[in-house]
Amino acid sequence: MEYGVISLVIPLLTIILAIVTRDVVVSLLGGIFAGELVVHNYQIDEAFVAIFNGIITLFAQGWITKTVLFILLVGAIMRVLNESGAIERFVVWISQKASRVDSPKGSMLLAYFLGVVIFIESSITALIAGVVAKPLCDKNGVSREKLAYICDSTSAPICSLIPLNAWGALLLGLIMTAIESGVVEGSGVSLLLASIPYNFYAIFTLLIVLFVILKDWNIGAMRDAKAIAYINTNPQNQQKANLYQMLLPLIVMVATVPIALYITGKGDIFAGSGSTAVYYAVIVTLIFLYLYYIPSKVMKHKEYFDALYRGMGEMIPLGVIIVLALLIGSVIKELDTARYLAELLSGTIPSLFIPLLIFLVSAITALSTGTSWGTFSIMMPIALSLGATMGLDLPLLIAAVISGGIFGDHASPISDTTIVSSMAAECDHIEHVRTQIPYALLGGAMAGVAFLLFGWILS
């Protein structure tokens, strides 16, 4: 059945709901319900039932189940690290040993370095960078807003550029879905890897952040951001300095990903399952934490499992958003939005403008919904269908979706990474949004020009 223009109304309705309600879950549910109403001939009872059946259908796909479990278990790891005192001891160790970073520029570079090195998950990146660098930033007069900006602007960009994580699992899954359904041809891993050099917003953002740190470049509201009064930590904490209680679990988690990719790919790391790799990585890390912390009396058995369950519980809201984002992607696919939009644009808009258009629409979607992952689920099928229909460069279009999603996510006050970055830096959330937007707009403008240029070169 052809739904015509109504297939475009559903994603637009989702965006409008997000703007009005400022609630990602409500907007996604509203869009899903409206879409199911259309699919089921406006029968409310059938649409209602279809939503919950659709969720069960999603979990029938292994990669989705693994991705959701990964998110929950990441929360468990963070809670165990926090309640064990490992993060605090690591901060004390940094303060004692790393005298070279005991300066305004050094403390910001520490946050930047941690943001780039820890690419497992965007929330983890922001949390660790913020928690570790915050005492040194306070000591050296760096504002919490500047720290939050560094945390936020290194988290999602680096996770999208080094996709050995849940980001890679989601993006690969979306691309593979298009391949398996016959929309496009090729290797999912090859297409994703080929898109990395075109991920202009992520690349420009990382370069802008580094320039801001090295040149102490403050623009817009960041000029008015003030550092808070530094309060020295309890000297008794100096006896608790420990590098390995936090570092070793992170090394285990990072190292397990390529090993699992190699195993699941049967000797070919690029043929491995991204969702399975990150799923195994967090399980191995939790086992390692237990075997390390319990015998060494860092934690007691009951404390470990209490922290584990609390950490999983804290990630349930994010897990719900991911499930709903994937569900609305499947509803939009059923409405055949991508094919209709491709037919609408084909012949009406010059092909050189399509990458820029996809970037801008993805940015608006992420800005409104507050989720780059939800944006990927909505826009990736549309972009790939457009690329196949119009004969465009697929890696460039994939990168346009990713860059647009991250750009909109950075500018959105309801983004999970924006909220986590504010929390990690203990910065007022609205102030973080205000001070970050000028830098995000600069990176977005540069990326827009790049997509227009490469749209012309590759068209």
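Laboratory data are not the source of any read-out in this text; all were calculated from the coordinates shown. Since the structure is predicted, the reported quantities are computational estimates derived from the model, not experimental observations. Don't worry about glycine lacking a Cβ; one is built from the backbone with ideal geometry, like all the others, and counts go over all protein chains shown.
Between 0 and 90 degrees, rounded to the nearest ten: what's the tilt of helix 166-180 against the longest Cα principal axis of the chain? The helix 166-180 is inclined about 20 degrees to the chain.
Look at Phe48, Phe359, Phe288, Phe451 and count the other Cβ atoms within 10 Å of each Cβ; fewest to most, that gives Phe48, Phe288, Phe451, Phe359. Considering the range 54-161, its Cα convex hull presents a mean projected area of 8.0 nm².
Only lysine pairs 8 or more places apart or on separate chains count here, and in the chain those with Cα atoms under 15 Å apart total 11.
Karplus-derived 3J(HN,Hα) values for the range 73-81, using 6.51 cos²θ - 1.76 cosθ + 1.60 with θ = phi - 60°, are 6, 4, x, 5, 4, 4, 5, 5, 4 Hz; glycine and proline are entered as x.
Helical content alone sets the calculated 222 nm signal of the chain at -25500 deg cm²/dmol, taking -39,500 (n - 2.57) per DSSP H segment of four or more residues and averaging over every residue.
A cut-off under 14 angstrom between Cβ atoms defines the neighbours of Ala47, and their net charge, with Lys, Arg +1 and Asp, Glu -1, is -4. Checking every one of the GluC sites (Glu not before Pro) in the range 127-192 against DSSP loop status and a limit of 14 other Cβ atoms within 10 Å picks out Glu185. A simple charge model with +1 on the Cβ of Lys and Arg, -1 on the Cβ of Asp and Glu and nothing else charged puts the dipole of the chain at about 1600 debye relative to its Cα centre. Per-residue extension of 0.36 nm, minus the Cα-Cα distance of Ile430 and Phe48, leaves a gain of 133.9 nm for this segment. Cβ crowding within 10 Å, taken as a proxy for footprinting-reagent exposure, orders Thr256, Thr285, Thr371 from fewest neighbours to most as Thr256, Thr285, Thr371.
Computed from Cα atoms, the angle from the helix 6-21 axis to the main principal axis of the chain rounds to 30 degrees.
Converting phi to 3J(HN,Hα) with the Karplus coefficients 6.51, -1.76 and 1.60 and the offset θ = phi - 60°, the range 198-210 yields 9, 7, 5, 5, 4, 5, 5, 5, 4, 5, 5, 4, 4 Hz in sequence order, with x at every glycine or proline. Each listed q (0.13 Å⁻¹) maps to a log10 I(q)/I(0) for the chain from the Debye sum over equal C-alpha point scatterers, namely -1.19. Axis of helix 372-390 versus longest Cα principal axis of the chain: the two differ by about 40°, to the nearest ten degrees. Coupling constants for the range 132-138 follow from the phi torsions by the Karplus curve (6.51 cos²θ - 1.76 cosθ + 1.60, θ = phi - 60°), and in residue order they are 6, 7, 4, x, 5, 5, 4 Hz; glycine and proline get x.
One chain, two ends: Ile179 and Tyr244. Fully extended at 0.36 nm per residue, the span grows by 19.1 nm beyond their Cα-Cα distance.
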